[in-house]
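Beneath this line is the structure, given in structure tokens, with notes to follow.
The values are calculated or read from the model by the stated rules, or taken from the named source; none is laboratory data. These numbers come from a predicted model, not from an experiment. What goes into the accessible areas is simple: the full protein's heavy atoms, side chains included, and nothing from ligands, DNA or RNA. Shrake-Rupley method; radii C 1.70, N 1.55, O 1.52, S 1.80 Å.
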Amino acid sequence: QVQLAESGGGLVPPGGSLRLSCAASGSIFNTYNMGWYRQAPGQQRELVASMTSGGSTVYADSVKGRFTISRAKNTVYLQMNSLKPEDTAVYYCHVTHIYSGGAYWGQGTQVTVSS
């Protein structure tokens, strides 16, 4: 069982930056694929960025060049730069065990981009 706790969301003007953090209760470094998803009101949840246990990354086209996923010990980060109003959403951390397929979600953190 892995518990995830996100933090770092908030209100930021267009062009601003935020760094989201996702702290895991256990060791996830080598045995979990991890990702950040977001869900805007009335929209489906979508993948923003992912990182495999080996460190390979994938980004949604809408955030390429602006967002960066990274990890350190038991924390996954999402650095978000040049934020746009359309980035407004609840952001969720997600991890999947590479062998068992067990998957866990965080509770979400609100990001609002507005002037």
**Request:** Send over the per residue convex hull volume for the chain, Cα only, as a whole number of Å³.
**Result:** 91 Å³
**Request:** Find the Cα radius of gyration of the stretch 5-51, compare it with 2.2 N^0.38 Å by division, and give the number to two decimals.
**Result:** 1.37
**Average accessible area per residue (Å²) across the chain - probe 1.4 Å, nucleic acids and ligands excluded** = 51 Å²
**Asked** So who's got an amide H within less than 5 Å of the one on GLY10, skipping anything under 5 residues away but keeping other chains? H placed 1.01 Å off N, in plane.
**Response** VAL111, THR112
**Request:** Report, to the nearest whole %, how much of the accessible area of the stretch 14-107 belongs to carbon and sulfur atoms, 1.4 Å probe, protein only.
**Result:** 48 percent
